[in-house]
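Some notes on the structure that comes next.
The values are calculated or read from the model by the stated rules, or taken from the named source; none is laboratory data. What you are looking at is a predicted structure, and each value in this text was computed from that prediction instead of being measured. When we count neighbours, we look across all protein chains shown, and the Cβ atoms used for this are built from the backbone with ideal geometry, even at glycine.
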Amino acid sequence: MTFPHAILRNLQPNWNSYGAPAIDERCIQKAFELWRQLSGEWQVVPCSDGGVQLEQHRDGLDVEVRVSAACAQETAVARPCNCADSSAGACPVHG
C-alpha cells in the first residue's frame, strides 16, 4: 500500500459537501511520517477539519491516529470493536 499524497492534496474545499476545508499540507506530511513508522496496513482518511486520520481495524480493536489541522498534533485512540459478534472472538467486519 502506498500513502495517498496526491489524493489528499487534490481534495478541494467542500470536498465532503459539508464545508470541509482542503487538507492541510502540514497534516499530510505529519501523517506520512507517522504512517512510515507504523507496522501493518493502515487506512488513510481525510478529516473534515483539514487533518488526516490513520486507521487500523483488527483483532477486535479499532485504532485511530489523528493528525489535527487545528493544532498540527497527533492523537491516538484504541477501543474495542463495536461489531455485534466481536465478543465471540472474531469480528465479522474487521477480522
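Exactly one condition in (1) modelled with pLDDT under 60; (2) loosely packed, with under 11 Cβ neighbours inside 10 Å; (3) more than 23 Å from Met1 (Cα to Cα) is not met by Asp85; state its number.
(2)
Please enumerate the residues belonging to region 31-46 that are crowded, with 19+ Cβ neighbours inside 10 Å and farther than 11 Å from Met1 by Cβ.
If the condition is that a residue be crowded, with 19+ Cβ neighbours inside 10 Å and farther than 11 Å from Met1 by Cβ, then Ala31, Pro46 are the ones that fit.
Please give the number of the condition Lys30 fails out of (1) touching an Asp or Glu at 6+ places or on another chain (Cβ under 8 Å); (2) of a type outside the set (Ser, Thr, Tyr); (3) assigned to a strand (DSSP E or B).
(3)
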